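Report on the following structure.
Derivation of every value follows stated rules applied to the coordinates shown; laboratory data play no part. Keep in mind the model is a prediction, meaning the values are calculated, not measured. Neighbour counts are summed over all protein chains in view; Cβ atoms, including those assigned to glycine, are modelled from backbone coordinates with ideal geometry.
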Ligand SMILES: Nc1ncnc2c1ncn2[C@@H]1O[C@H](COS(=O)(=O)NC(=O)[C@@H](N)CO)[C@@H](O)[C@H]1O
């Protein structure tokens, strides 16, 4: 999994067209979303992650928690992003992993939003620009 973490004043998105034949079903209220004072995490789930999704979820949550505590972010935006890797996992596996990451981060007490999966989306992002505001992480299952 490849992650790009941007500590932001805000991230907002608006769903446009379908990018997959069968994107994740969403409600009308999920067509737009915004969080302020947020750690935006753009994530590409990779083929290699399919071998041990649970381990990837665990490692990703640990990394995100670590960065969130360093930048003192209490809100996380989980953003599916297919452009950080050329070895993408299948959409059904990717969605499950992203949903689990969202769930675990909520259990950890963060306010979390997840952008809809399988859609083209317009988005606006305001990066804070401090030294830790732009980070990337690569996570691979050990087994
Ligand atoms: N492995 C993945 N990791 C993260 N997001 C993904 C992944 N696969 C699909 N998506 C989601 O599905 C959308 C489209 O995926 S894509 O790889 O860009 N495009 C395709 O798969 C093409 N078959 C259709 O355009 C992405 O914008 C993202 O929302």
How compact and how long is region 78-140, expressed as Rg and Dmax of its alpha-carbon atoms in Å? 13.3, 36
Quick one: order 42, 110, 77 by neighbouring beta-carbon count within 10 Å, fewest to most. 110, 42, 77
So, in Å, what gap is there between the alpha-carbon centers of region 83-115 and region 1-43? 11
Among 97, 76, 26, which comes first, then next, by fewest other beta-carbon atoms within 10 Å? 26, 97, 76
Under the helix-only model (-39500 (n - 2.57) for each DSSP H run of 4 or more, divided by the residues of the chain), the mean residue ellipticity at 222 nm, to 500 deg cm²/dmol, is -8500 deg cm²/dmol
State, as an integer percentage, the relative contact order of the chain based on alpha-carbon contacts under 8 Å between residues 6 or more apart. 44
Using the beta-carbon distance between residue 30 and residue 128 and R0 = 30 Å, what value does 1/(1 + (r/R0)^6) give for FRET efficiency, to the nearest 0.05? 0.70
Between rounded, prolate and oblate, where does region 3-143 land on the alpha carbon gyration tensor, with a ≥ b ≥ c its root eigenvalues, rounded for a/c under 1.5, else prolate if a/b exceeds b/c? oblate
With the crude spin-label approximation of a point 7 Å out along Cα→Cβ, what separation in nm comes out for residue 111 versus residue 92? 3.6
What is region 59-143's relative contact order, in percent, from Cα pairs under 8 angstrom and six or more apart in sequence? 39
